[in-house]
Amino acid sequence: MSLNDIMSVLVKVMLMKETHVKPNREAPSKMAEGIAMQRFRESSKSEDDRICYDPYAIHFINPEIVEFGIKHPEEAEARVEAMENQLPGLSSSIIARVRYFDDIVTESIGEGLEQLVILGAGYDTRAYRIEGLDENVKVFEVDHPNTQNFKKEKIIEIFRSLPDHVTYVPIDFETQKLGPVLFENGYNKSVKTLFIMEGLIMYIPPEAVNETLNFIANSSGKGSQIIFDYYPESVVDGTTARAVGQNIRKFLIQLGEPLQFGIKEGTSEKFLSSYGFSKIQTVTSANYKKAYFEGKNKNREVCDLLYFAHAVVE
């Protein structure tokens, strides 16, 4: 066996070990807080500059972090730039994801949406900030209890009570099936539903992704929709040749929230059609760059490894 062969085997072994890093679910999600920070930072810009707006994001960020940013703006900005250098374009892609999902929700409300199911809800605030959701739409926020309990505390702090139109559904995707848990909490499989999986499927194992997509395809009203984001399979398993892909993977391992599922590049339509979904759209970085980053934002870099998908239940 040559030296190259030996090195190849060692790399594969290392990748296997890293891939099986156990997620840390014992505390509220650090990634959820990080995404809230992205929304807060974008929302702090002027109306002409920002891509999305979330007035509640700040409530889900450690106050010490916010205070540090106020007292030491230059150092805080330097840290943001360092992260951007390590993960170029990712923050803008995350902001585009927020806006794209917001737009789909707003569109769906206008088309008669009856149920919104937010899977892996984290610190998602759509139920509280998008007009129309509190009137005719029943919202289910589904997430790990450790993150969800913290969120509910914050929602009570903001609004003094939990809203009537939101049902909070605790679940561990790695040990529980979605269907029984949703049905126990009043989910209606006959009505038009939008399922949001923002920053979810890449963090749960393939069998959980399979079970979730099967449930949606077979237990929701005709015309229901799904939207989610994903990384290519090569980023998840560490075989990508792209430095940014390796950096994303390593960063999430260090955070205790390793990637567990990806879709092979160029196969998202085939993947989703196998579950029976139709009208499948794969949204690339070029698509959302063109849609949202113009004028003052036209030079903002996006990450071409983060894709969005949108599909309909036949």
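Contact map, segment 171-197: first residue on the phi > 0 side of the Ramachandran plot, second residue open to solvent by 40 Å² or more (accessible area, probe 1.4 Å) and in a helix (DSSP H, G or I), Cβ cut-off under 8 Å, separation 6 or more or different chains; the map is empty. A single entry from Q260, Q281 fulfils the requirement of being loosely packed, with under 15 Cβ neighbours inside 10 Å and more than 22 Å from M83 (Cα to Cα): Q281. Across segment 264-314, the qualifying residues are those that are closer than 28 Å to P88 by Cα and among the basic types (K, R), and the one among them that is modelled with the lowest pLDDT is K296.
Residues that are among the acidic types (D, E), farther than 21 Å from M202 by Cβ and modelled with pLDDT under 95 are absent from segment 83-105 altogether. Among the residues that make up segment 215-238, is at least one of them within 29 Å of K45 (Cα to Cα), part of a loop (DSSP other than H, G, I, E, B) and either open to solvent by less than 40 Å² (accessible area, probe 1.4 Å) or out of contact with any strand residue (DSSP E or B) (no Cβ under 7 Å at 6 or more places or on another chain) (or both)? For segment 215-238, residues within 29 Å of K45 (Cα to Cα), part of a loop (DSSP other than H, G, I, E, B) and either open to solvent by less than 40 Å² (accessible area, probe 1.4 Å) or out of contact with any strand residue (DSSP E or B) (no Cβ under 7 Å at 6 or more places or on another chain) (or both): present. Checked against (1) open to solvent by 30 Å² or more (accessible area, probe 1.4 Å); (2) modelled with pLDDT of 90 or more; (3) among the small types (G, A, S), A27 passes all but a single condition, namely (2). Of the residues making up segment 263-278, those that are in contact (Cβ under 8 Å) with a residue 40 or more places away in the chain and open to solvent by 20 Å² or more (accessible area, probe 1.4 Å) are Y275, G276. Selection of segment 130-152 for residues being in a helix (DSSP H, G or I) and surrounded by 13 or more Cβ atoms within 10 Å (Cβ to Cβ) yields L133, D134, P145, N146, T147, Q148, N149, F150, K151, K152. Mind listing whichever residues of segment 284-313 are within 21 Å of F195 (Cα to Cα) and either in a helix (DSSP H, G or I) or open to solvent by 50 Å² or more (accessible area, probe 1.4 Å) (or both)? Y288 - this is the single residue of segment 284-313 that is within 21 Å of F195 (Cα to Cα) and either in a helix (DSSP H, G or I) or open to solvent by 50 Å² or more (accessible area, probe 1.4 Å) (or both). Just one residue in the set R242, R249 is within 20 Å of M83 (Cα to Cα), among the charged types (D, E, K, R), open to solvent by less than 30 Å² (accessible area, probe 1.4 Å) and at pLDDT 95 or above; that residue is R249.
To keep it simple, each residue is scored yes or no on (1) open to solvent by 80 Å² or more (accessible area, probe 1.4 Å); (2) within 19 Å of I158 (Cα to Cα); (3) not in a helix (DSSP H, G or I).
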position	(1), (2), (3)
Q38	no, no, no
E47	yes, no, yes
P55	no, yes, yes
F68	no, no, no
E74	yes, no, no
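Taken together, E257, E265 contain a single residue that is under 18 Å from the mean Cα position of the chain (by Cα) and assigned to a loop (DSSP other than H, G, I, E, B), which is E257.
Looking at this structure, is E174 open to solvent by 60 Å² or more (accessible area, probe 1.4 Å), farther than 30 Å from S285 by Cβ and not basic (K, R)? Taking the combined requirement at face value, the residue does not satisfy it.
The values are calculated or read from the model by the stated rules, or taken from the named source; none is laboratory data. Just so we're clear, the structure is a prediction, and the values are computed from it rather than from any experiment. Glycine also receives a Cβ, built like all others from the backbone with ideal geometry; neighbour counts cover every protein chain displayed. What goes into the accessible areas is simple: the full protein's heavy atoms, side chains included, and nothing from ligands, DNA or RNA. Shrake-Rupley method; radii C 1.70, N 1.55, O 1.52, S 1.80 Å.
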